[in-house]
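*Asks:* Can you read through this structure? Questions will come right after.
The values are calculated or read from the model by the stated rules, or taken from the named source; none is laboratory data. For clarity, every value in this text was computed on a predicted model and none was experimentally measured. Backbone-built Cβ (ideal geometry, glycine too); neighbour counts: all protein chains shown.
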Amino acid sequence: MKLFACKLALGALGLIIILSICCAEKGPDAHKTPDKETTKKETEPNVVAEIGDYTITKAELEIRLMSEIRPNPYEPASQTEIPDAETVLLEMIAEKAMVMEARRQKFQEDELVRPIVKQYMEKRLVNLLLGNHLEGKIKITDPEIDQKIKSNPKLDRERAKALLAREKSVEIINQYYDELYKKFHVQKKNQNFYTTAQIHQRLLLNPKEPRKATFIRILQVKNELTPDEKKIVLATYDKGKITLEDWFDALCELSPPSRPRDLHTPQGVERLLERALRMPIFVAEAKLYGFDKDENLLNKVKEYEDNILLNKARREKIKDIMGPIPDEQLVDYFNKNKEAFGTQDMLNIDQIWCQDFKTAQKAKAELDNGKDFEAVRQAYSLQKKSSPFNTALSNEGIFFKDLWKEEPNEVVGPIKGFHPDGIKWRVVKILEKTPGKAVEYSNEIKRRVEMNMLDEQRNKTLEKYRKELLEKYSYEIYTDKIGDIDPLDIP
């Protein structure tokens, strides 16, 4: 199984403006099939497994299977065998167990996790509010489109219409915000702006901890502002306020190059405060409409939080697995896995993508009868324009071995392959084969060897953890619903 990215997404989230509208723990036997009365989703045809309050659908399993078999050229190894549906499903169940365990350990209360989830929910809340407010208000006339094209002749009518819709959306939203600003009785605390400017300069120019970056970072705000400083109020509105901490959060949402250069002045502080006010004012209005109770929204937020918790749980389990690894271990690992570090076997091929198996059979038959490859392509291919290209295991995955065993000038097919729209049938002409070359151990590949070793250790640690959790939490797999899944025949 692939090791999915373990990095916890900590990117700042800015205000979205809509411009396109129109578990119970268990004993040693608990993983066995429970009595039928205890299963909640057994009769639902699309549910293939459940654990706690989570269910996994057949569609979700098929998507995961597709992601497992599709090669990733940036990963050191590619899938060479067709993955088993039940094995992949077990890993998905174990990931749900990891989320359940993370919640049990209160990871969701982590001071880095909580604000990310809060920001995500607020952005979706505001989208619901603005979508509702803009509905039916944007009307574009033909004369307006004509005028837009006249001002910029490079625009076609669709692009001109989209730009007009954007402009009108921004205008309507700004007017709406001005109304809400008055409605919620916003009051700025100007007397605190000078103090804010001083604190900004302190964090920017005199950080407590040395840093390479020349800008203020999220962790610096968290660690270097005193509790009293974080509570300094810069503005109030009905049932809410903007504190110094909120102001710095708004600053950190901006990429460093786009941050204002005048935040050492009260005027600069006030301008950024205006930006920081927009989200909470819109959120307050959205809650008055009851959008925070929207079931689809709550499900999306929980799904997002689950992904954050899963990544955090993974990271916590492998955080101590790091280099450096002693040289003798690196050399020993390299000698046992030399094929992983040499150049790949390479094929130069041309191919004809076909709509289905029968079409691929017809194309192959005509080629076997001597018909020109380009003529057959024009007659049958889903892609009329194509040229020979180089490919390898990292591109072909499970299909590479069947291509590699053929000789140059041979036509292979019908054979499946990874088309941009899924797995499709094709006919492939082998033009050239270039065997990979072994390399000797050197300082140039030392880091690569170490990364492979560390990845293996992390994978083993996570695999062990998943097995432990599958023994701890009750789950059910409905094997009769996954028996017909063929990873190579998923639409």
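*Asks:* Let me confirm something: among E86, E101, E50, which residue is outside any helix (DSSP H, G or I), over 20 Å from the mean Cα position of the chain (by Cα) and either assigned by TED's automatic domain parsing to the domain that holds I482 or surrounded by fewer than 19 Cβ atoms within 10 Å (Cβ to Cβ) (or both)? Reasoning before the result, please.
*Replies:* On the way: E86 fails: outside any helix (DSSP H, G or I); E101 fails: outside any helix (DSSP H, G or I).
Being outside any helix (DSSP H, G or I), over 20 Å from the mean Cα position of the chain (by Cα) and either assigned by TED's automatic domain parsing to the domain that holds I482 or surrounded by fewer than 19 Cβ atoms within 10 Å (Cβ to Cβ) (or both) holds for just one of E86, E101, E50, which is E50.
*Asks:* Please give the number of the condition R447 fails out of (1) in a helix (DSSP H, G or I); (2) outside the structural domain of N46 (by TED's automatic domain parsing); (3) not aromatic (F, W, Y).
*Replies:* For R447, the exception is condition (2).
*Asks:* For the range 302-312, check the following and say yes or no: at least one residue is aromatic (F, W, Y) and more than 30 Å from V439 (Cα to Cα).
*Replies:* Within the range 302-312 (the criterion being aromatic (F, W, Y) and more than 30 Å from V439 (Cα to Cα)), the answer is yes, since at least one residue qualifies.
*Asks:* Which residues, counting only those in the range 466-491, are assigned to a helix (DSSP H, G or I) and under 23 Å from the mean Cα position of the chain (by Cα)?
*Replies:* First pass over the range 466-491, keeping only residues assigned to a helix (DSSP H, G or I): 466-472, 479-481, 487-489.
The answer is R466, P487.
*Asks:* For K424, which of the numbered conditions (1) in a loop (DSSP other than H, G, I, E, B); (2) not assigned by TED's automatic domain parsing to the domain that holds N46 fails to hold?
*Replies:* All conditions pass for K424, except number (1).
*Asks:* Now, a different point. Which of (1) at pLDDT below 95; (2) touching a Phe, Trp or Tyr at 6+ places or on another chain (Cβ under 7 Å) is the odd one out, the single condition K429 does not satisfy?
*Replies:* Here K429 meets the rest and fails (1).
*Asks:* Go through the range 291-324 residue by residue and tally those that are over 19 Å from M451 (Cβ atoms) and touching a Ser or Thr at 6+ places or on another chain (Cβ under 6 Å).
*Replies:* Summing the residues that are over 19 Å from M451 (Cβ atoms) and touching a Ser or Thr at 6+ places or on another chain (Cβ under 6 Å) in the range 291-324 gives 0.
*Asks:* Looking at the range 131-188, which of its residues are under 16 Å from E274 (Cα atoms) and of a type in the set (D, E)?
*Replies:* Residues satisfying the conditions are D178, E179.
*Asks:* Criterion first (part of a loop (DSSP other than H, G, I, E, B), touching a Leu at 6+ places or on another chain (Cβ under 8 Å) and of a type outside the set (F, W, Y)) does L128 satisfy it?
*Replies:* It is false that L128 is part of a loop (DSSP other than H, G, I, E, B), touching a Leu at 6+ places or on another chain (Cβ under 8 Å) and of a type outside the set (F, W, Y).
*Asks:* While we're here: If you go through the range 353-376 one residue at a time, do you hit one that is surrounded by fewer than 20 Cβ atoms within 10 Å (Cβ to Cβ), modelled with pLDDT under 95 and within 27 Å of M100 (Cα to Cα)?
*Replies:* Scanning the range 353-376 turns up no residue that is surrounded by fewer than 20 Cβ atoms within 10 Å (Cβ to Cβ), modelled with pLDDT under 95 and within 27 Å of M100 (Cα to Cα).
*Asks:* Limited to the range 315-340, what total is found for residues that are assigned to a loop (DSSP other than H, G, I, E, B) and either farther than 29 Å from K405 by Cβ or in the same structural domain as W425 (by TED's automatic domain parsing) (or both)?
*Replies:* Residues in the range 315-340 being assigned to a loop (DSSP other than H, G, I, E, B) and either farther than 29 Å from K405 by Cβ or in the same structural domain as W425 (by TED's automatic domain parsing) (or both): 8 in total.
*Asks:* Here is a list: N348, N390, N409. Which entry is surrounded by fewer than 19 Cβ atoms within 10 Å (Cβ to Cβ), touching a Leu at 6+ places or on another chain (Cβ under 6 Å) and not in a helix (DSSP H, G or I)?
*Replies:* N348
*Asks:* Something else: Take the conditions among the hydroxyl-bearing types (S, T, Y) and within 17 Å of K183 (Cα to Cα) and apply them to Y304. Does it pass?
*Replies:* no
*Asks:* Please go through the range 104-125 and give me each residue that is in a helix (DSSP H, G or I) and surrounded by fewer than 10 Cβ atoms within 10 Å (Cβ to Cβ), ordered by number.
*Replies:* Hit for the range 104-125 is E109, nothing else.
*Asks:* Looking only at the range 360-369, decide whether some residue is closer than 27 Å to P487 by Cβ and within 33 Å of the chain's Cα centre (by Cα).
*Replies:* No, that holds for no residue.
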